[in-house]
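J.: Please read through the structure below; I'll follow up with questions.
The values are calculated or read from the model by the stated rules, or taken from the named source; none is laboratory data. These figures come from a predicted structure and were not determined experimentally. We place every Cβ from the backbone using ideal geometry, glycine too, and count neighbours over all the protein chains shown.
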Amino acid sequence: MKIDSSISAVVTGGASGLGRASAEALAGAGAKVAIFDIDEARGNEVAKAIGGIFCRVDITDEQSVVDGYAKARAAQGQERVLVHCAMTSRRGKTLAFDKATNRLKRLSTEDYEAGVKGVQVASYRLASLAAEGMATLEPLADGERGVVILTASVAAQDAQIGQVIYGSAKAGVNGLVLPMARDLSDLGIRVNSIMPGIFATPLMLGAQPKVLESLAASVPFPKRLGNPEEFGSLALEISRNTYFNGQCVRLDGAIRMAPR
């Protein structure tokens, strides 16, 4: 797919981090970009900077997502590219010692369900609703109508202690990719995921300097955190490369996460 001013894109989590970098990369190539986020101040700031539109969207709420797509499409036309970076999750071990009760405490099913809804279910919601709209478009070269790029994580393959929710939910995101790509193949809609390693996002940069140094040293090469722009670059390339379909690709400097 040639990315230019004829192409509309939606980027979730576009107010910061990996989403912002993806929005900037797509806009830099000429695409019209709609940012879905709950951070109105930063979302509007980024949208203004890239000549796009901001839509306040809660990815865990079906109607909010439907309304966001409606607003974006009314302003910029039906999107041919979705880059879904936004997520919500929870953390905890399956069983952990509780000092207050001097007993093992189980991670609640409620917590687990909330994490899966914020990661895997939200990914299905955003992807399937985007595909529904893309299916109405006239095909481009090779019969392509659009591309969905989901964000998984290296934790999908080597989650650490305390990441039972996050790791399994991100593995579920990868699990969506091939069957959805096959489901949508007759419509010319591609589906892929990116599994980022340790990236210098605003959330990560809030850690103590010694922690960041240790994390950087754990990356085989290059020995640093990933730059969000490197994620955005890959999202742009996947958008452009029509033969890239049904893939879950790591972007991680060859890191493999230790148990803790």
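J.: Would you please list the contacts, defined by Cβ atoms under 9 Å and residues six or more apart or on different chains, that run from a residue in the stretch 181-198 that is closer than 12 Å to LEU150 by Cα to a residue that is surrounded by 22 or more Cβ atoms within 10 Å (Cβ to Cβ) and at pLDDT below 95?
T.: none
J.: Output the residues belonging to the stretch 35-65 that are in a loop (DSSP other than H, G, I, E, B), surrounded by fewer than 21 Cβ atoms within 10 Å (Cβ to Cβ), free of Cβ contacts under 8 Å to residues at least 60 places away in the same chain and under 18 Å from the mean Cα position of the chain (by Cα).
T.: Within the stretch 35-65, ILE38, ASP39, ASP58, ASP61 qualify.
J.: On to the next question. If I filter the stretch 157-177 for residues that are in contact with a strand residue (DSSP E or B) (Cβ under 7 Å, 6 or more places away or on another chain), free of Cβ contacts under 8 Å to residues at least 60 places away in the same chain and over 24 Å from LEU129 (Cβ atoms), do I get at least one hit?
T.: Looking through the stretch 157-177, none of the residues is in contact with a strand residue (DSSP E or B) (Cβ under 7 Å, 6 or more places away or on another chain), free of Cβ contacts under 8 Å to residues at least 60 places away in the same chain and over 24 Å from LEU129 (Cβ atoms).
J.: I need the full set of residues from the stretch 1-50 which are within 23 Å of LEU203 (Cα to Cα) and acidic (Asp, Glu), in order please.
T.: Matches in the stretch 1-50: GLU24, ASP37, ASP39, GLU40, GLU45.
J.: With the checklist (1) farther than 22 Å from GLU230 by Cα; (2) touching a helix residue (DSSP H, G or I) at 6+ places or on another chain (Cβ under 8 Å) in hand, flag the one item GLU144 doesn't pass.
T.: Result: GLU144 passes all but (2).
Conditions (1) in a helix (DSSP H, G or I); (2) out of contact with any Ser or Thr (no Cβ under 6 Å at 6 or more places or on another chain); (3) modelled with pLDDT of 95 or more; (4) acidic (Asp, Glu), marked per residue:
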| position | (1), (2), (3), (4) |
| --- | --- |
| GLN120 | yes, yes, yes, no |
| TYR124 | yes, yes, yes, no |
| PRO139 | no, yes, yes, no |
| VAL147 | no, no, yes, no |
